[in-house]
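Notes for the one structure printed next.
The values are calculated or read from the model by the stated rules, or taken from the named source; none is laboratory data. These numbers were taken from a predicted model, which means no experiment stands behind them. Positions of Cβ are generated from backbone atoms using ideal geometry, with glycine treated the same way; all protein chains shown enter the neighbour counts.
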Amino acid sequence: MEIDKIIERVIRLRIFYDRNLFTESTRGNVIVLCAALEALLKELIEQDTSQKKQAIKNLIKGKEAYNTFFKAINTAQLIGIVNDITAEGIHMLRDLRNDLAHGVTLLSDDKEVSSRLQAISDKLEAVPNDEPQWCLHGVAIKLLHGIVYNYAEENGLSRDDITSIWEPIRQKIINEK
């Protein structure tokens, strides 16, 4: 996939997140953020044409290599779409999502949720914040941007290259009606 298409997709996800998902429901935000990250990773994997991807698909029957969020993260890491730190941060968020979606005990434990969000934030070196929603927002931004930077670097682009491409695309999207 071309880097400008990835940047556009990430900017649209970021704007959607900023406008619609910053609610009182940390649980809901985590679940929706994970769904968006999973879809983005699967899209990037699907578009990847590297020999590494073909080898993985040959070893693990086709799309089964990335048909779950867990597998999509690992496949994206193996073929270089995300680096080790980004993959670990996404896995930590995925684990939190699973516990929030299926673990009744976590639903009323705001301190535990906040602590786990802060651990993800620390892992990603995101800006620290005491408020769970803002901490999650920082994690979301760091993961979305991390995917772009990791993918770009794997394809020979620098962060400066990304920055020069990013702003015109962001302005174009913001000015759409």
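Quick notes on this one:
- Checking each residue of the stretch 136-151 against the condition of being closer than 17 Å to LYS5 by Cβ and in a loop (DSSP other than H, G, I, E, B) gives no match.
- At least 3 residues being at pLDDT below 80 is the threshold, and among the helices (runs of 4 or more DSSP H) wholly inside the stretch 1-110 those reaching it are 51-59.
- Unmet requirement for TYR151, which otherwise passes all of (1) within 16 Å of the chain's Cα centre (by Cα); (2) of a type in the set (Phe, Trp, Tyr); (3) at pLDDT 90 or above: (3)
- Taking every residue in the stretch 153-177 that is closer than 26 Å to SER50 by Cα and pairing it with any residue that is among the aliphatic types (A, V, I, L, M), at least 6 positions away or on another chain, the pairs with Cβ-Cβ distances below 6 Å are ILE162/ALA152; ILE165/ILE7; TRP166/ILE7.
- Candidates in the stretch 154-177 are the residues that are surrounded by 14 or more Cβ atoms within 10 Å (Cβ to Cβ) and assigned to a loop (DSSP other than H, G, I, E, B); of these, the one that is modelled with the lowest pLDDT is ASN155.
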